[in-house]
Amino acid sequence: MEFNESVTKINLARSFAAECQAGARYQFMSKMALQDSQKFLSDTMKTLAKNEMAHAKVFYDYIIEKSAGKCKNIAIEAGYPFENPELKTSLLGEAMIELSEAQNIYPSFAKIAYDEGFTDIGKTFDMVARVEETHHRMLNYLGNLYKTGNMYKRKVPTKWKCSVCGYVENAKEGFKECPLCHAPQGFTIIDMEKENTEINC
């Protein structure tokens with residue numbers, strides 16, 4: 001199929017817009033986390049924002065390449081989320097958006113791309129879906145910890161490491177303030193991959 005007449009072209013444009021918006025929302029959330037002295041959470045959201053913008057760039061590049069310069073503007077109509085920007089609710093809200101992208105949106109876009117003969121784009125949608133599944137798990141895990149006030153509390157002793165000076169301590173609760181450099185608790189690193197084997201970072 002001719003790319004400029006394809007549904008895949010529209011889906012790439014929709015995906016580009018969605019990933020750009022997700023990247024922006026995650027940067028907003030990063031600033032909110034920092035205002036709450038949650039440096040680790042802020043850094044995590046910055047990383048997710050960077051991931052989303054990398055996805056956007058891949059989609060953008062496909063449009064530029066495949067349209068061969070014939071596509072100057074793409075009119076798209078789609079719903080995009082505008083949720084309450086409170087960190088306690090938005091982390092879990094974003095987790096559900098990521099899940100929808102992973103299980104519904106990108107797999108359906110991949111199928112259309114395969115059906116239209118754009119195998120490379122189909123594979124890309126599939127790969128992005130896998131990343132969004134990981135984002136869902138991370139956001140769901142952190143969102144539940146943050147909402148319940150258990151960001152730095154565990155049932156079993158856990159290794160807590162200060163991201164500023166590297167001090168390490170094993171305890172059920174992360175130090176309120178680093179005993180070595182006095183950085184606030186929110187600067188303590190959470191090893192999500194070790195704590196939650198379902199998260200494949």
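Looking only at region 98-123, filter to residues that are within 15 Å of Glu2 (Cα to Cα) and buried (at least 19 other Cβ atoms within 10 Å of the Cβ); which one of those is nearest to the chain's Cα centre (by Cα)?
Per the stated criteria, the residue is Ile121.
What tally of residues in region 131-159 results from selecting those that are touching a residue at least 40 places away in the same chain (Cβ under 8 Å) and of a type in the set (D, E, K, R)?
Residues in region 131-159 being touching a residue at least 40 places away in the same chain (Cβ under 8 Å) and of a type in the set (D, E, K, R): 3 in total.
Filter region 29-84 down to residues that are surrounded by 15 or more Cβ atoms within 10 Å (Cβ to Cβ) and of a type in the set (Lys, Arg) and give me whichever is farthest from Tyr146 (Cα to Cα).
Lys66
What pairs come up if the first residue lies in region 65-79 and is over 18 Å from Ile121 (Cβ atoms), the second is aromatic (Phe, Trp, Tyr) and part of a helix (DSSP H, G or I), and their beta carbons are under 6 Å apart, counting only those six or more places apart or on different chains?
none
Table: residues versus (1) touching a residue at least 40 places away in the same chain (Cβ under 8 Å); (2) closer than 30 Å to Val58 by Cα; (3) in contact with a strand residue (DSSP E or B) (Cβ under 9 Å, 6 or more places away or on another chain).
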position: Phe125; (1), (2), (3): yes, yes, no
position: Ala129; (1), (2), (3): no, yes, no
position: Asn170; (1), (2), (3): no, no, yes
position: Phe175; (1), (2), (3): no, no, yes
position: Thr188; (1), (2), (3): yes, no, yes
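Residues that are assigned to a loop (DSSP other than H, G, I, E, B) and within 15 Å of Cys20 (Cβ to Cβ): does region 104-117 have at least one?
For region 104-117, residues assigned to a loop (DSSP other than H, G, I, E, B) and within 15 Å of Cys20 (Cβ to Cβ): absent.
Return the residues of region 54-70 that are assigned to a helix (DSSP H, G or I) and out of contact with any Asp or Glu (no Cβ under 7 Å at 6 or more places or on another chain); say none if nothing qualifies.
Within region 54-70, Ala54, Lys57, Val58, Tyr60, Asp61, Tyr62, Ile63, Ile64, Glu65, Lys66, Ser67 qualify.
This table checks each residue for (1) within 14 Å of Ile121 (Cα to Cα); (2) of a type in the set (A, V, I, L, M, F, W, C); (3) touching a Ser or Thr at 6+ places or on another chain (Cβ under 9 Å); (4) part of a helix (DSSP H, G or I).
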| position | (1), (2), (3), (4) |
| --- | --- |
| Ala17 | no, yes, no, yes |
| Met29 | no, yes, yes, yes |
| Ser37 | no, no, no, no |
| Met45 | no, yes, yes, yes |
| Ala49 | no, yes, yes, yes |
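Consider Ala54 against the criteria (1) at pLDDT 95 or above; (2) touching a strand residue (DSSP E or B) at 6+ places or on another chain (Cβ under 6 Å); (3) small (Gly, Ala, Ser): it satisfies all of them except one. Which criterion is unmet?
Going through the list (1) at pLDDT 95 or above; (2) touching a strand residue (DSSP E or B) at 6+ places or on another chain (Cβ under 6 Å); (3) small (Gly, Ala, Ser), Ala54 breaks only (2).
Can you pull out the residues in region 136-148 that are closer than 18 Å to Met45 by Cα and either polar (S, T, N, Q) or assigned to a loop (DSSP other than H, G, I, E, B) (or both)?
Once the filter is applied, which keeps residues that are closer than 18 Å to Met45 by Cα and either polar (S, T, N, Q) or assigned to a loop (DSSP other than H, G, I, E, B) (or both), region 136-148 yields Asn140, Asn144.
Taking region 76-92 only, how many residues are within 30 Å of Ser6 (Cα to Cα) and either of a type in the set (Gly, Ala, Ser) or part of a helix (DSSP H, G or I) (or both)?
2
Can you report the number of residues in region 178-201 which are loosely packed, with under 14 Cβ neighbours inside 10 Å and modelled with pLDDT of 95 or more?
3
Taking the options Val128, Val164, Val156, name whichever one is hydrophobic (A, V, I, L, M, F, W, C), out of contact with any Cys (no Cβ under 9 Å at 6 or more places or on another chain) and surrounded by fewer than 17 Cβ atoms within 10 Å (Cβ to Cβ).
After applying the criteria, what remains is Val156.
The values are calculated or read from the model by the stated rules, or taken from the named source; none is laboratory data. Small disclaimer: the values here were computed from a predicted structure and weren't measured. Backbone-built Cβ (ideal geometry, glycine too); neighbour counts: all protein chains shown.
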